[in-house]
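Everything below concerns the one structure shown next.
Bear in mind these aren't lab numbers, they're just calculated from the coordinates by the rules spelled out. Worth saying up front: this structure is predicted, and the values here are computed from it rather than measured. Every residue, glycine among them, receives a Cβ derived from its backbone with ideal geometry; neighbour counts consider all protein chains shown.
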Amino acid sequence: MTRRLLIFAKAPRLGRVKRRLAAELGAVAAWRFQRAAHWVEIRRLAADPHWRCTLFVTPDRFAAAGRFWPPAMSRAPQGRGDLGMRMMRAFLAQPGGPAVLVGSDIPELQAAHVARAFTLLGRHEAVFGPARDGGYWLLGLRCPRLHPGLFHGVRWSSPHALSDTATNLGRRHKAAFLDPLEDIDDAAAYARWRARRAG
């Protein structure tokens with residue numbers, strides 16, 4: 001079956017992105033970081049021939065605005081609702097087979113991470129890429145239609161997001177975990193990322 005990679009992205013508009021980071025570094029610096037991180041990550045992952053990639057965009061009207069995204073890339077709006085509703089909608093829009101969903105502001109995310117997730121889905125029902133803040137930067141599902149309630153009651157933007165989702169998966173479904181990565185949401189995370197790059 002065709003492997004499906006779903007990338008969630010927010011249109012990089014000045015003053016509308018990375019607000020926690022912007023509060024500490026300034027709106028222009030946060031916008032520049034997000035725009036560059038988006039462009040590099042999306043192009044890197046979309047170019048890999050081992051999966052079919054779709055970019056899910058918010059706000060919805062920017063799904064058709066080509067100036068923010070690689071021009072030949074398949075795009076769709078995320079639609080309404082909280083993060084869980086939007087992610088489940090994206091998963092259920094796929095025709096079948098394994099699907100992996102990632103965010104677009106994880107600068108250390110490589111195609112090898114996605115490839116590893118698809119490999120693990122051969123033996124597990126789900127795979128998580130844990131984030132250092134208690135959330136997750138990747139979620140893969142072998143058969144998304146088996147888990148319509150996966151995001152029910154998840155406490156988003158909290159240290160409990162990963163544990164809540166894993167609990168909803170249930171004990172009879174095996175999950176695998178990738179190595180932790182860090183999404184860059186504040187100045188401390190930004191400084192750590194810069195230090196890793198320099199090292």
| remark: Contact order relative to length for region 98-199, counting C-alpha pairs under 8 Å separated by 6 or more residues, stands in percent at 32
| said: What does DSSP give for region 4-198 in terms of the percent of beta bridges that are antiparallel, rounded to the nearest 5? | reply: 30
| Projected label distance in nm at Ala191 and Asn168, using a 7 Å step from Cα toward the beta-carbon | 3.5
| said: Looking at the calculated P(r) for region 103-199, what percent of the C-alpha pair distances fall above 22 Å? | reply: 31
| remark: With Cα coordinates, the longest principal axis of the chain makes an angle with the long axis of helix 27-46, in degrees rounded to 10, of 40
| field | Spin-label model distance (nm) - Arg155 vs Arg43, 7 Å beyond Cα toward Cβ | value | 4.0
| field | When region 4-198 is reduced to its Cα atoms, the Kirkwood hydrodynamic radius in Å | value | 17.0
| query | To the nearest 500 deg cm²/dmol, what mean residue ellipticity at 222 nm is calculated for the chain from DSSP H runs of n ≥ 4 alone, each contributing -39,500 (n - 2.57), summed and divided by the residues? | reply | -10500 deg cm²/dmol
| In which sequence would Arg123, Arg3 go, from the one with the fewest C-beta neighbours within 10 Å to the one with the most? | Arg123, Arg3
| query | Cα centroid distance between region 1-51 and region 104-118, in Å? | reply | 13
